[in-house]
Each structure stands twice: as C-alpha cells, then as structure tokens.
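No value in this document is a laboratory result; all are computed from the given coordinates. Note that the structure is a prediction, hence the values are computed from the model and not measured. Here the Cβ positions follow ideal geometry from the backbone for every residue, glycine too, while neighbour counts run over all protein chains shown.
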Amino acid sequence: MDNENTDELPTLTLLLLDDEENILYSLKRLLRKDYNIVSFKEGHEAIAYLEENSVDLIMSDMRMPKMDGVEFLIKSRELQPNPIRLLLTGYSDIDSTIKAINDGAVYTYISKPWENEDLKLTLAKAAEHYLLRKERLQLHEQLTNTNQELAQLNQSLEQKVHQRTAALNSSNKKRQEALNVQKELLHDILDMMAATIEYRTGFSTGHINRIAVQSRAVAKQLGLDSIACRRVYLCALLHEIGTVGLTDEVLSSVKLGNEKLDETFSTHPLIGAEIIGKVKRFSSLTGNIKHQNENVDGTGLPDHLSGEHIPVGARIIRVVKDFDFLIAGKQNDKKMPIANAQAWIKDRIGTWYDRAIVNAFLEILAKRDDEDSEIEYSVGIETIKSGDIVLEDLILHNGNLMLKAGQEINTAMINKLKEYEENYNTKVTLFIA
C-alpha cells in the first residue's frame, strides 16, 4: 500500500486498485495533486482497508489474477455504498463491464489505454457527482434530524399543552365549584330573604315565589333577554323586602285600589330599594323595586313616573302582584274570582297598568304551558282538571282545611268544590302547577 497526500484541503480520497505496478505509478503521478490517493495491488488488501477506512472514490482494474474488478466492486459496495466507483477495462471485457455496472453500481468505465486529460475530466465529473450526492445526503440527514427534533418538540409541546390544559381544566373546575358554592349561597340568601318577607307579611310559603316565577314568564313573553328576565325574577322575589320596616298595624291596613293608599305603607318600596342598594351585587335591582307602585298615567308613587319611564320590571311586578292580591291577598277580605280579577286589571289598562304587560300576563295564565313546570297557576273550578296537583292549602272561609298542598284533584273533589261554591255563593281559587 502506498499513501500520497496533497497540501490542498479539502480533497477527496481516491482508492486505486490494479495488479500492474506501472499502471498504479502512472495513475498516482497523474492524480496526486488532485486527490488523496491510497493504492493497492491486491483486492483483498483493498477490502481490508475499506473495512477500517472511508474513501470517496474507487477506481479498479477489471482483470486481476486473484479477485477481478467485478467481485471487488461488489464487495466494496457492501462495505461502503456511498463512494463513486469507476472501472478500468479493455474493449474485450465488455460483458464483465456490464456486470460490474449492474452489480457493482459502477458510475462509469474508462477504457485502456486512456487519455490523461479525458481520465482527469471523467474523475472530476465523478468527484462532482459524489460531492453533490454527499451534499444531498447531508441535507437529507439534516432534514431528517430536523424533522425528528420537530417531532420531539411537537411531542414536548403536546405534553405541555396537555399539562396546561389539565391545569386549566383543574383551575376551571375549582373556579366552577367555587362559583357553584357562591350560587348556592346566593340562593340560600334569597330563600332566607323570601322566607323573612313571607313571615313578616303572613303570606303563604309559595306567594313570593309564585309572583317571581310569573313575572319572569311575562318578561320572557315580552321578548326580554335572559339577563333581563333573571333581573325581573330577582326583583319580584325581593319586591316586598321593605315590609320588614313596617309595623303590624300598617301591614294589616293594606287595601288594593284604595285611592288614599296609606302613606306609611307606600314607603315600603323605598325602604326595600335602600336595603337592596346596600348590597353591591343587587344594586341593579333597586329601580324595579323602588317604582313597583308607579302608575302608567303618572299618578303612582313615589316619583309619579309614567309610561316607559317606569322600569319594565316594575311595570311587570305591579300587574302580577296586584292580580295575586285580588285573588289571594291575606289582607284582602274581599277576594275576587279569577275572571273578576282579570276584568278589574283590564279596566285599569292605560291608567295603572301597561297594556302589553297585562295582555302577556293573561295569555300566560290562559295557556297553562306544561313545559314550564315552575309556574304556579291560579284557576277556578270551571278550569280545574282531574289530575291537577294543588300547590297550596285550600282554607275555607270558616277556617277549615278542605285541600292540602300536594293533593291530586279528582272528579269527586271537583264536585264537592262546586257544591261549596253554590251553597255559600262564593268562588274558590286554587293554585296548581
């Protein structure tokens, strides 16, 4: 083996194999300035070198005694597939040349005897081809590495996103749990306030809730959005909170329709608005509570507002609560049948009540929507049906309990109620779901 190197870097390493010393010498002399040359006379020596060292170009003679060029190039390809292989051959070796090209992946062959400039040009093209292929392989490797890095980065990002999503979900879950606790606490507070109002006024347990749910249904019927509907509901639920500031004497003197409404009693909406206004969360409810006794013609209290200057929630609550007082008011000793109460309300459209709100309210009472299970309807004997559930105790004028809350109406009960109305010349009002 003979090694010769040039001083120019980088240069490609060229392995030469030929069993004739003079040919190796000629080739080394011709090419030593352009390549790092390693040369061998025996095929097995060249193979041993390739097992330990890398080369860029391989040029082998075809006819050699122990290992011909085809065998060598095939074995060299198995060891190192990337180098460019060239074959030195005579014209008589055409069959072997074709086999070498096919099996040994030969780039090209050079005929003996060669022209020096042609051989150098052929090697130069082979070297250029090698460098281009090497660059392509390097780029491919870089691209593969980059893709692997990107894949790892994506996996890492996915893990981080998963972790972040899990953290956000956990945070949202905790926030939702906290919000649910707050909502439950708010509902408990509202229930407590409603119970306080009912205890103070002496109304039945379902009175406040009935007015609140019916008011919300009217708001929905009028096309108000969900936020406005909820606000109307809350205002109706708390519209009598100011009664806690009134005396028993004042509360017992309430008579709807009295043109000279007791001045002291008329202050309860103002008291209620002041109480609610102290709670920042409820501050938006004060207007509806304060103006619940205004008349649409401007004759109401406390500020003599008229028409649409009265908050819509206040106009809704006015209609619903007055109707409820007419048919079931605890202080009302002249309760009206439902039809009479409806007529009484209609007679005051344009003076006390808003026409659109009255129409919406009466439409809700008439259709008895089965889909809204929260609404409590007031009905007379003429519209009660077997299977209806009574939501409030029915107390007769003599104080006797005729029906208990939760009882299911049947035909026998309806007949008894009709008989009672005929005997005592009165009208019975029932509250059902």
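Computed over neighbours whose Cβ is under 13 Å from that of T383, the net charge equals +3, Lys and Arg +1, Asp and Glu -1. Take every Cα pair under 8 Å whose residues are at least 6 apart in sequence, average their separation, divide by the length of the chain, and the relative contact order is 8 percent.
In degrees from 0 to 90, rounded to the nearest 10, what is the angle of the helix 207-221 Cα long axis to the longest principal axis of the chain? Rounded to the nearest ten degrees, it is 60. Pairs of Lys residues in the stretch 380-433 are counted when their Cα atoms are under 16 angstrom apart and they lie 8 or more places apart or on different chains; the count is 5.
Note on the stretch 304-340 and the stretch 26-92: Cα centroid distance 111 Å, given to the nearest whole angstrom. In the stretch 380-433, inverting the average of 1/r over every pair of distinct C-alpha atoms gives 11.2 Å as the Kirkwood radius. Backbone amide hydrogens, once placed in the peptide plane, bring E294 within less than 5 Å of L301, excluding anything fewer than 5 places away on its chain. Summing charges over all other residues whose Cβ lies under 13 Å from the Cβ of L224, with Lys and Arg as +1 and Asp and Glu as -1, gives +4.
P(r) tail for the chain: Cα pairs beyond 31 Å make up 62% of the total. When the chain is treated as a GNM with alpha-carbon contacts under 10 Å, the residue of K66, K367, K330 showing the greatest mean-square fluctuation is K66.
Axis angle, to the nearest 10 degrees, between helix 226-237 and the longest C-alpha principal axis of the chain: 30 degrees. For the set K28/K134; K33/K112; K160/K183; K28/K125; K173/K220; K220/K278, the pairs lying more than 26 angstrom apart at their alpha carbons are K160/K183; K173/K220; K220/K278. Under a 10 Å cutoff between Cα atoms, tell me which one of A341, A194, A105 has the largest fluctuation in the Gaussian network model of the chain. Top of the fluctuation ranking is A105. Distances between every pair of Cα atoms in the stretch 202-373, grouped in 10 Å steps from 0 to the bin holding the largest one, split as 10, 40, 40, 10, 0 percent.
Among A48, A273, A339, the largest mean-square fluctuation in a Gaussian network model of the chain, built with springs joining Cα atoms closer than 10 Å, belongs to A48.
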